[in-house]
Amino acid sequence: MDRVLSGMQASGKLHLGNLVGALRNWVRLQDQYECFYFIADWHALTTGYAKPEDIKQSTQDLLMNFLAAGLDPDRCTIFLQSKILEHAELHLLLSMITPLGWLERVPTYKEKIHELQDRDLSTYGFLGYPLLQTADIIIYRAKYVPVGVDQVPHLEISREIARRFNYFYKEVFPEPEALLTEFPKVPGTDGRKMSKSYENAIYLSDTPETVEQKIKTMMTDPARKRRTDIGDPDLSPVHQLHKIFSSKEEQEYTAHGCRTASIGCLDCKKILIKNVLAVLEPIWAKRKELVDNPDILHEIVNKGTEKAKKVAQETMELVRDVMGLGKF
Ligand code: TRP
């Protein structure tokens, strides 16, 4: 079975966009591949180094959501990046052969610096973000990496670095490939892409009341000001969410109702609320189980870490060997 690896950065809570865009895909891949999934807590430090307590919180939240959304520790390996020190060793060794220009050219580098102007990101660690990600991936000699399109430049540099290593030393690393799936774009409550930085997200850890409130106050077609005005569902983020969470009949009913003003925006939103709650309720139920049994989380991560470590150690023995390290 081919190996799949992916990670999520431990910064902030998981929202519906992450669920639909990434996590559901990870769940699906569990039976098709040998899957390794981890929480990138070191990556969270590249931008969140001044607030490490938030990372701990996010790690716990992510872990619960992984399990609540259906990752099954019997069918995949779940672990924490910071527990596998071999990633750091490989990152260091790769840093020796990585031209600075390659890192500076990664588009996310300048974008993030621009986006997070409240932080000082002129650090060594932040520039090395994609290199650490490369180490995460190739240490498992993973074939596929399920990620969103935003991560494609990181996969590109991972492939280049794998190639460069193989060229200098020995053919150790396969070049990882991004596994892109067509994800529906998930808009947030203001119509922009759902993102924690826009404060427009519906979180997996929200309460039912909060979810209801967020959807009720969601933006719709701005031209539909009064109940009697007709609207264009294609201009309404509520309709976009219906496409993801509602049945075909409900989508047709609400779209038609919008175009003819036969239903109001609140009627349309009530149907969406029902469907989003139906997705979240089983997740909340499992989260609750886990909150009441924190030992289960530790057990799962310990088991996953052990499995991942074995693979990472094997690779590092090979790496040290082909680089001639530790021999004299
Ligand atoms: N950069 C990824 C993100 O922002 C997280 C990540 C870190 C990752 N290491 C990885 C993803 C390795 C895939 C493979 O979501």
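The values are calculated or read from the model by the stated rules, or taken from the named source; none is laboratory data. This is a predicted model, so every value here is computed, not measured. Neighbour counts run over all protein chains shown; Cβ positions are idealised from the backbone, glycine included. The area values use the complete protein model at the heavy-atom level, side chains included, leaving out ligands, DNA and RNA. Shrake-Rupley method; radii C 1.70, N 1.55, O 1.52, S 1.80 Å.
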Study note, to complete from the structure: As a Kirkwood estimate from alpha-carbon pairs, segment 139-255 has a hydrodynamic radius in angstrom of 17.7 Å
Point to revise | Sparsely packed GluC sites (Glu not before Pro) within segment 157-232, loop by DSSP, other Cβ within 10 Å at most 12 | key: GLU171, GLU182, GLU199
Exercise for review: Using amide H atoms built 1.01 Å from N in the peptide plane, name the residues 5+ places from PHE36, or on other chains, whose amide H lies under 5 Å from its own.
Suggested key: VAL4, LEU5, SER6, THR77
**Study point:** Charge dipole magnitude, Cβ of K and R +1, D and E -1 - the chain, Cα centre, debye nearest 20
**Key:** 420 debye
Practice item. Once you have the Kirkwood Rh of the chain from its Cα pairs, apply Stokes-Einstein at 4 °C and 1.567 mPa s and quote D in µm²/s. Key: 60 µm²/s
Check your understanding: To the nearest 10 Å², what's LYS83's accessible area with a 1.4 Å probe?
Key -> 100 Å²
Check your understanding: How would HIS298, HIS87 line up by accessible area, probe 1.4 Å, largest first?
Key -> HIS298, HIS87
Check your understanding: Compactness ratio of segment 86-184: Cα Rg over 2.2 N^0.38 Å, N = residue count?
Key -> 1.09
Study note, to complete from the structure: Checked against the positive end of the charge dipole of the chain (+1 on Cβ of Lys and Arg, -1 on Cβ of Asp and Glu, about the Cα centre), the farthest of SER122, LEU204, LEU266 is LEU266
Revision key, fill the gap. Of ALA50, ALA255, ALA40, the most mobile residue in a GNM of the chain (C-alpha springs, cutoff 10 Å) is ALA50
Revision key, fill the gap. Mean-square fluctuation maximum in Gaussian network of the chain, Cα pairs under 10 Å, restricted to GLY21, GLY257, GLY188, hits GLY257
Exercise for review: Using a 1.4 Å probe and counting only protein heavy atoms, arrange TYR49, TYR144 so the residue with the most accessible area comes first.
Suggested key: TYR49, TYR144
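Hey, can you find the accessible area per residue of segment 208-287 for me, probe 1.4 Å, expressed in square angstrom?
Working: 4230 Å² over 80 residues.
Normalised by residue count, the accessible surface of segment 208-287 is 53 Å².
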Exercise for review: Let me know the charge dipole size of segment 208-287 about its Cα centre in debye, to the nearest 20, where only the beta-carbon of Lys, Arg (+1) and Asp, Glu (-1) is charged.
Suggested key: 200 debye
Check your understanding: Ignoring ligands, DNA and RNA, what percent of the accessible area of the chain is carbon or sulfur (1.4 Å)?
Key -> 54 percent
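With the Cα gyration tensor of segment 1-141 in hand, give its eigenvalues times 5 under a square root as the equivalent ellipsoid semi-axes, listed largest first in whole angstrom.
Here the semi-axes work out to 26, 19, 14 Å.
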Point to revise | For ILE202, residues with placed amide H under 5 Å, excluding near neighbours | key: LEU16, GLY17
**Study point:** Residue (of ALA22, ALA69, MET219) at the positive-pole extreme of the chain, dipole from beta-carbon charges
**Key:** MET219
Practice item. Above 14 angstrom, tally the Cα pairs of segment 208-287 and express them as a % of all pairs, no decimals. Key: 58 percent
Review point. Cysteines without a disulfide-compatible partner in the chain, using Cβ under 4.7 Å as the rule?
Key: CYS258, CYS265, CYS268
Check your understanding: Which of SER122, SER58, SER82 moves most in a GNM of the chain, Cα contacts under 10 Å?
Key -> SER122
